[in-house]
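The values are calculated or read from the model by the stated rules, or taken from the named source; none is laboratory data. Remember, predicted model here, so these are calculated numbers, not experimental data. Cβ placement follows ideal geometry from the backbone for every residue including glycine, while neighbour counts extend to all protein chains displayed.
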Number of protein chains: 2
Amino acid sequence: MTQLLPRISPRSFLTPPPFKSFNKFRTFTCSTALQKKANRNPKMATVTTKTGQAVDRLTLDSMLRRRMFYTPSFEIYGGVSGLYDYGPPGTALIANMTDLWRKHFVLEEDMLEVDCTMLTPHEILKTSGHVDKFADWMCKDPKTGEIFRADHLVEEVLENRLKGDKEARGQKVEVDAEKEAKKKKKSKEAKVVKLDDAVVKEYEETLAQIDNFDGPDLEKIIKKYDIRNPVTDGEVLPPVAFNLMFQTSIGPSSNMPGYLRPETAQGQFLNFQKLLEYNQQSMPFASASIGKSFRNEISPRAGLLRVREFLMAEIEHFVDPEGGKKHPRFQEVKDIEMSLLDRNVQLSGSTKTTKMTIGKAVEIGLVDNETLGYFLARIQLFLTKIGVDFTKLRFRQHMANEMAHYAADCWDAELETSYGWIECVGCADRSAYDLTVHKNKTGAPLVVRETRPEPLRIEEWQIDLEKKKFGPRFKKDSKTVENAVEALSQELREKLSLDLEQQGKIEIDVEGVGSGKVELDKDLIKIEKRTRVENVREYTPNVIEPSFGIGRIMYSMIEHVYWSRAGDEARGVLSFPPTVAPTKVLLVPLSTNTAFKPLTQNLTTKLRRLGVSTRVDDSSASIGKRYARNDELGTPFGITVDFQSVKDNTITLRDRDTTKQVRASEDEILQAVKSLTDGDETWADILKRLPEFTGQEVE
Amino acid sequence: MTQLLPRISPRSFLTPPPFKSFNKFRTFTCSTALQKKANRNPKMATVTTKTGQAVDRLTLDSMLRRRMFYTPSFEIYGGVSGLYDYGPPGTALIANMTDLWRKHFVLEEDMLEVDCTMLTPHEILKTSGHVDKFADWMCKDPKTGEIFRADHLVEEVLENRLKGDKEARGQKVEVDAEKEAKKKKKSKEAKVVKLDDAVVKEYEETLAQIDNFDGPDLEKIIKKYDIRNPVTDGEVLPPVAFNLMFQTSIGPSSNMPGYLRPETAQGQFLNFQKLLEYNQQSMPFASASIGKSFRNEISPRAGLLRVREFLMAEIEHFVDPEGGKKHPRFQEVKDIEMSLLDRNVQLSGSTKTTKMTIGKAVEIGLVDNETLGYFLARIQLFLTKIGVDFTKLRFRQHMANEMAHYAADCWDAELETSYGWIECVGCADRSAYDLTVHKNKTGAPLVVRETRPEPLRIEEWQIDLEKKKFGPRFKKDSKTVENAVEALSQELREKLSLDLEQQGKIEIDVEGVGSGKVELDKDLIKIEKRTRVENVREYTPNVIEPSFGIGRIMYSMIEHVYWSRAGDEARGVLSFPPTVAPTKVLLVPLSTNTAFKPLTQNLTTKLRRLGVSTRVDDSSASIGKRYARNDELGTPFGITVDFQSVKDNTITLRDRDTTKQVRASEDEILQAVKSLTDGDETWADILKRLPEFTGQEVE
């Protein structure tokens, strides 16, 4: 179908939606129809924990809320969908993840980190294309005033009819408990009506393609299948585009409309010149930014995966487009093996990934260039470092129709969760697009200038403008017209020089000025063929853009490290790597006896001095209960202080994952903790050198 | 004068404006009229660097921009006043400051850090009071459409007239170069007109009190003194209130208006119940939050000190209002000496501070309670740790008319800068105000419940509502009416019980329902005197709120650590403490000779492993130039690699502040760097134990 108004946001939480439009203003499509089908079928999509249990999302979610990893914002006021607050463990987890991100990318690669404002004036986002194209389609029920995301509405109604059909045919209906719980409140029960086989097929095909439809497509589908408000059965109005940016007004007069940024990238592009200067004119280099971005989703429903305010970490790596985009450190990563899902495989209807080193992938041209490949490998290293399960990570190449016309190549790091495969990091080669549009709009030289080893001689059509007359003639539009003239291609200049000679005037297209056409006569403009000698090479760098949705990565990673103790499904454990765990050590005095107070106080101080974040639980609950609570918080180590400790200053250290303990002197245990949390030793190492403790703490 | 509509924001960058309304919705006044006068007189306000030079703000500012500590946002699009981006050194500085803040407050005190959304629905900020009262007064010139902040306009015009008068009297006029440069573009030259002595006095008195005026006051002044647009001389319209929150709309329909938060505090209050639960019902405890907040300033003009988007770090310490608000760790800080400017001194027209230990200040009742005192001391420790000059730090107590009616006490940490004394941290005892308003509005139990040692017996007037009839009668207003009834005082209940008996009905005030009066007859309500036995004590905690403006602290601190090399005023140095410095070590190979490459590579890797942020400058500039650049960036240490290094693996280490160097083996130098950046040793310590190097690096 046609794509009149390109969209960005996808249909539902079943398919991995882009938290950022890597493909900027084009439809996001799911991997393949097959993948989509797989995601839709709950049985096929079942994901297991590392101990082989099915991920029970409802249980996990309730645990995460109980332990205040996150909580709906403004809950005492009824809450607002798509807005969540992070509680203490969530905030610490995010802080540790971004800290690692900064070390792994910014420090390791000498990137130039910037912190740009979220408030962004209209003009910048007009130029970037967001004002016109960053939209979803929505339908309104004129009677109730309800607003639906058009693709979601079509899906809900058709899925409901298919379910009714299945029931009518006496087939078993797979049920997604959470989805059902939500629906119950909102929509009617599926009517048990048998459909024609042909209709079933049509519905299924429509659902498989839902991401490919734009507004007019959706309008046709809504009419054809008589899609209505699922609750009231009322007719809905045709879909209209809804821009996903939060709008506001900057300053006291209303003449400066602005938006909350939908990504951090624009601030980095606008500062390119200064960053290049800061980098002492040396190329290539990367800027980076960690900060909140905003998207006014029509009706967000996938927990932390689709939110209206979210933390992004973005890199803009600026590279010379000539010379094949080599990367000096590619050698360091070339042997890293990755799971790649290339676009040809997807085209063939499969979602089978290929294991291949990134070196090989670049060599055979599957990944477009070394710089892109380097970042894909670095992304994988980062994700696995923070706890992502390598077997639930794949890199999916964008289909040709997913990518913007200017993009050279684009891959998403997708993580498998109970919601399906979720796009968590995008990595696109965006060519020179972004710098070019801002340069064209503002005239700022967002370019690199390099002295050529040999001067270059170029024959070309040059244009002289009569600036003195130009200003008075076009007034405030002068700069715009001038830019349009400068941008004329050599072919056009040659043709126009002929027009100018023959008719004494020419007409050129200037968007945004008058009717869009501007007439220039020979008093104002001269076009001549001349030879130009270029000593300096000037080029617009290309941009490789790795873009991380921190909240999505966090949630997916939590699913990867979540499991429950055998025989006790209610006892959840979050096996965070010590480096990202919100708290590293839980300190538990055996009881509330005051004899333990000086010891715990002293240990807290020492651990803090070692830079190991610690919490004391001196509540009266049993040791087991206190440890269970901290299993749920993902605290990797526990130190118990008992009466033996008071006597001989030995303490026990417990490992969260194995629940095994060792007992040794305070100094030895502290040294072990430091070594474990720094990642210098593993628990297995500690078990080898410190005596295991299998008894009971001494009361 | 009367205060019909209380304001928050103050008049100009000469007086320290509150980046946060510590006093929430009341006029911010400058310390005293005397202080204001001192700030206004540039000569008196001259601030010197630690080496005794006058702070040349224009030079400093141009250095900060050149080194990309910060830069106006969207500059290639013309910029937007009050919006700034931080470049690489600024971003690193802020990151290091917030990291230290987190260690100093959150980790050290086991605070519960949360991260709440910036988008905030209307209702919350209506309840908090911001919708109605968070406003400044603005005047519009109806002819040009220009908008002025009313108090700024009065100031500018009156100051200009006083200047013209001085010139007419042949007196020397003190000039603030920066202010003049800005004015030149905008307003006319001061007319040289001599004024009557009485008029001069009136103008001066008006200026001294400018912060005390509300809209109607300003309107009178504008009329009385015929204040006009300084550029066109056109008349302006009377002042109107302008709310300083950025407004937006959440979701696709326009029925959920929202704002960008003006402070991080509200999210913390709303989560009180869950935080208390997370803290296992244990009191006292504190929550904390670091994040951006927003204020739509009318016309911000004081660089980083008055911006529309800024980073805050806020603590809400919840404490039992009974028992004198003691703090268990007050002993640890009680001997810390502070510069206090108490309200009585200010009332007497002086700005003389008193040096006193915080223990003494609490003891004599100058500071209201231990908890407040504890935080004042902790704030001072934090500020001096990150580089604030103790002699340019004072704690100023709010005047009675500055504080909100509910506040028990309030102190601002003010830092002296070339802009005058700037309010950088506020620390208020806000009593139970915030939790109470949200509790009353939502009915959520934002309270603490504690089992009483002894049950309490209370005689009281109790109310029974006939809930079955209540709902149908008041419909959507039921809850509001119910809350209003619950809130009735004992006195009122007694009186109403009589009314009810005599007239069979009563009338109560219910804001927001109908006409504001609601009638209840005896079918609906019963009021009786009964005895209640209370086993559980329920109370609303009080809040002590230390609130940090990170950007303001950063800028003020930069002024404190800025100086220039004697004899070379152009060579600026920023003496950041190693812990906050954006980069800790500059690595300079003597020349671009490739022989140095492996050594610098190796050193970079080792320093990174030590967690010491490092930058290499292998440009072809001279060593001196490269060090000068890094003095401006505030990099505390420099390592030089020369040919001697290639031979014997010794390197030199340079101290930024003294420019002295030591030479030793790589291992020794690296150990010294680690020890210096961790704060374990000072440069003086290093000089004692490693040989000073006074020669030239060997080429």
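Run B:S645 past the list (1) buried (at least 19 other Cβ atoms within 10 Å of the Cβ); (2) within 44 Å of the chain's Cα centre (by Cα) and report the number of the one that doesn't hold.
Looking at each condition in turn, B:S645 falls short on (2).
Filter the range B:220-229 for residues that are assigned to a loop (DSSP other than H, G, I, E, B) and crowded, with 18+ Cβ neighbours inside 10 Å; which is nearest to the other protein chains (Cβ to nearest Cβ)?
As a first pass, look at the range B:220-229 and keep what is assigned to a loop (DSSP other than H, G, I, E, B): B:225-227, B:229.
Filter again for crowded, with 18+ Cβ neighbours inside 10 Å, leaving B:227, B:229.
Numbers: B:I227: 18, B:N229: 15 Å.
The residue in question is B:N229.
Would you check if there is a residue in the range B:551-567 being out of contact with any Leu (no Cβ under 8 Å at 6 or more places or on another chain) and surrounded by 19 or more Cβ atoms within 10 Å (Cβ to Cβ)?
Within the range B:551-567 (the criterion being out of contact with any Leu (no Cβ under 8 Å at 6 or more places or on another chain) and surrounded by 19 or more Cβ atoms within 10 Å (Cβ to Cβ)), the answer is yes, since at least one residue qualifies.
Kindly establish whether A:H405 is out of contact with any strand residue (DSSP E or B) (no Cβ under 6 Å at 6 or more places or on another chain) and either without any contact (Cβ under 8 Å) to a residue 12 or more places away in the chain or of a type in the set (S, T, N, Q) (or both).
So A:H405 fits the description; yes.
Under 6 Å between Cβ atoms, which residue pairs at least 6 apart in sequence (or on different chains) link something in the range A:422-437 that is closer than 10 Å to A:Y406 by Cβ with a partner that is of a type in the set (F, W, Y) and at pLDDT 95 or above?
These pairs meet every condition: A:D434/A:F269.
Only residues that are at pLDDT below 90 and out of contact with any helix residue (DSSP H, G or I) (no Cβ under 7 Å at 6 or more places or on another chain): list them for the range B:606-617, please.
B:R609, B:G611
Looking at this structure, is B:L415 assigned to a strand (DSSP E or B), crowded, with 17+ Cβ neighbours inside 10 Å and either more than 18 Å from the chain's Cα centre (by Cα) or of a type in the set (G, A, S) (or both)? Can you show your working first?
Numbers: assigned to a strand (DSSP E or B): yes; crowded, with 17+ Cβ neighbours inside 10 Å: yes; either more than 18 Å from the chain's Cα centre (by Cα) or of a type in the set (G, A, S) (or both): no.
The answer is no for B:L415.
Kindly provide the set of residues from the range B:193-219 that are of a type in the set (A, V, I, L, M, F, W, C), over 33 Å from the mean Cα position of the chain (by Cα) and assigned to a helix (DSSP H, G or I), ordered by number.
B:A198, B:V199, B:V200
Of all residues in the range A:343-370, count the ones that are touching a His at 6+ places or on another chain (Cβ under 6 Å) and either assigned to a strand (DSSP E or B) or surrounded by fewer than 22 Cβ atoms within 10 Å (Cβ to Cβ) (or both). Give the derivation first.
Step one: filter the range A:343-370 for residues touching a His at 6+ places or on another chain (Cβ under 6 Å), giving A:370.
Those still in the list that are either assigned to a strand (DSSP E or B) or surrounded by fewer than 22 Cβ atoms within 10 Å (Cβ to Cβ) (or both) too: none.
Count: 0.
Here is a list: A:I525, A:I544, A:I506. Which entry is β-branched (V, I, T) and either modelled with pLDDT under 90 or touching a Ser or Thr at 6+ places or on another chain (Cβ under 8 Å) (or both)? Even if it seems obvious, please write down each step before you answer.
Details: A:I525 fails: either modelled with pLDDT under 90 or touching a Ser or Thr at 6+ places or on another chain (Cβ under 8 Å) (or both); A:I506 fails: either modelled with pLDDT under 90 or touching a Ser or Thr at 6+ places or on another chain (Cβ under 8 Å) (or both).
Matching residue, one of A:I525, A:I544, A:I506: A:I544.
Report, by residue number, each residue of the range B:279-317 that is within 24 Å of A:A92 (Cβ to Cβ) and assigned to a loop (DSSP other than H, G, I, E, B).
B:N279, B:Q280, B:Q281, B:S282, B:M283, B:P284
Please find, within the range A:107-154, the residue that is surrounded by the most Cβ atoms within 10 Å (Cβ to Cβ) out of those that are polar (S, T, N, Q) and more than 9 Å from chain B (Cβ to nearest Cβ).
Going residue by residue through the range A:107-154, those that are polar (S, T, N, Q) are A:117, A:120, A:127-128, A:144.
Right, trim to more than 9 Å from chain B (Cβ to nearest Cβ) and you get A:128, A:144.
On the way: A:S128: 26, A:T144: 12.
Taking the candidates together, the pick is A:S128.
Can you name the residue in the range A:418-446 that is out of contact with any strand residue (DSSP E or B) (no Cβ under 7 Å at 6 or more places or on another chain) and either more than 14 Å from chain B (Cβ to nearest Cβ) or assigned to a loop (DSSP other than H, G, I, E, B) (or both) and is also nearest to A:A54 (Cα to Cα) among such residues?
A:S418
Tell me, which helices (runs of 4 or more DSSP H) wholly within the range A:83-176 include 1 or more residues that are at pLDDT below 90?
Answer list for the range A:83-176: A:130-133, A:150-168.
Do any strands (runs of 3 or more DSSP E) lying entirely in the range A:623-699 carry at least 3 residues that are outside the structural domain of A:T59 (by the TED database) and touching a residue at least 40 places away in the same chain (Cβ under 8 Å), and which ones are they?
Hits in the range A:623-699: A:637-641.
Restricting attention to the range B:447-462, does a residue exist that is in contact with a strand residue (DSSP E or B) (Cβ under 6 Å, 6 or more places away or on another chain), surrounded by 21 or more Cβ atoms within 10 Å (Cβ to Cβ) and not in a strand (DSSP E or B)?
no
Might you let me know whether the range B:65-73 holds any residue that is within 26 Å of B:F390 (Cβ to Cβ), outside any strand (DSSP E or B) and modelled with pLDDT under 85?
no
Checking A:S293 against (1) facing chain B (nearest Cβ under 8 Å); (2) small (G, A, S); (3) surrounded by fewer than 24 Cβ atoms within 10 Å (Cβ to Cβ), only one condition comes out false. Which one?
Of (1) facing chain B (nearest Cβ under 8 Å); (2) small (G, A, S); (3) surrounded by fewer than 24 Cβ atoms within 10 Å (Cβ to Cβ), only one is false for A:S293: (1).
For the range A:239-273, enumerate the residues that are in contact with a His (Cβ under 9 Å, 6 or more places away or on another chain) and in a helix (DSSP H, G or I).
Matches in the range A:239-273: A:Q266, A:F269, A:L270, A:F272.
Out of all the residues in the range B:68-106, which are of a type in the set (F, W, Y) and either under 18 Å from the mean Cα position of the chain (by Cα) or surrounded by 20 or more Cβ atoms within 10 Å (Cβ to Cβ) (or both)?
Result: B:F69, B:Y70, B:F74, B:Y84, B:Y86, B:W101, B:F105.
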